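The values are calculated or read from the model by the stated rules, or taken from the named source; none is laboratory data. Here the structure is a predicted model, which means the values were calculated and not measured. Cβ placement follows ideal geometry from the backbone for every residue including glycine, while neighbour counts extend to all protein chains displayed.
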Amino acid sequence: MTTTTGTTDVERVRRVYEDRHAALLDQVRPLTADDAEAERCLQAAVRDALGRPRAFAVAPDPEAWLRERAQRAARTVDGLPAAVGFDSLVEAARRRARRRTAWQLAAAVLGAAAAITLFLVLGSQLDPTGGLL
């Protein structure tokens, strides 16, 4: 293994990211309002992997490592730091509303049972009816 910015570490992360990009996005997208937000969460996971190369290197399943961190990023309070301005809070509220809409759409399209199963599998902080837990 090399340093955080070393070629070996970067290439390992790049390989997983490029090989599994579509699958990772598919697994994160249900927790987000749109593709751009899912990509942002996945990129946060990649930054985490590059910042913690030893943890990523010893992970038994590097794809799962990235997926879990991307899903965690999607479940945070919109990735906001503790102290934010009013405009950031407004944008966060809008993102939460879009996520609720995504869950409601999932329930309408998939049926309530499938949406609840999806909720349980993904462990979201949003309940299937659209409320915050």
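Note on the range 97-117: residues that are part of a helix (DSSP H, G or I) and without any contact (Cβ under 8 Å) to a residue 12 or more places away in the chain amount to 8.
Of the residues making up the range 13-28, those that are modelled with pLDDT of 90 or more and not aliphatic (A, V, I, L, M) are 15, 17, 18, 19, 20, 21, 26, 27.
Is there a residue in the range 110-121 that is of a type outside the set (Ser, Thr, Tyr), modelled with pLDDT under 90 and buried (at least 18 other Cβ atoms within 10 Å of the Cβ)? Checking the range 110-121: at least one residue is of a type outside the set (Ser, Thr, Tyr), modelled with pLDDT under 90 and buried (at least 18 other Cβ atoms within 10 Å of the Cβ).
With respect to being in contact with a helix residue (DSSP H, G or I) (Cβ under 6 Å, 6 or more places away or on another chain), hydroxyl-bearing (Ser, Thr, Tyr) and at pLDDT below 85, residue 7 falls outside the description.
Of the residues making up the range 60-78, at least one is at pLDDT below 85 and assigned to a helix (DSSP H, G or I).
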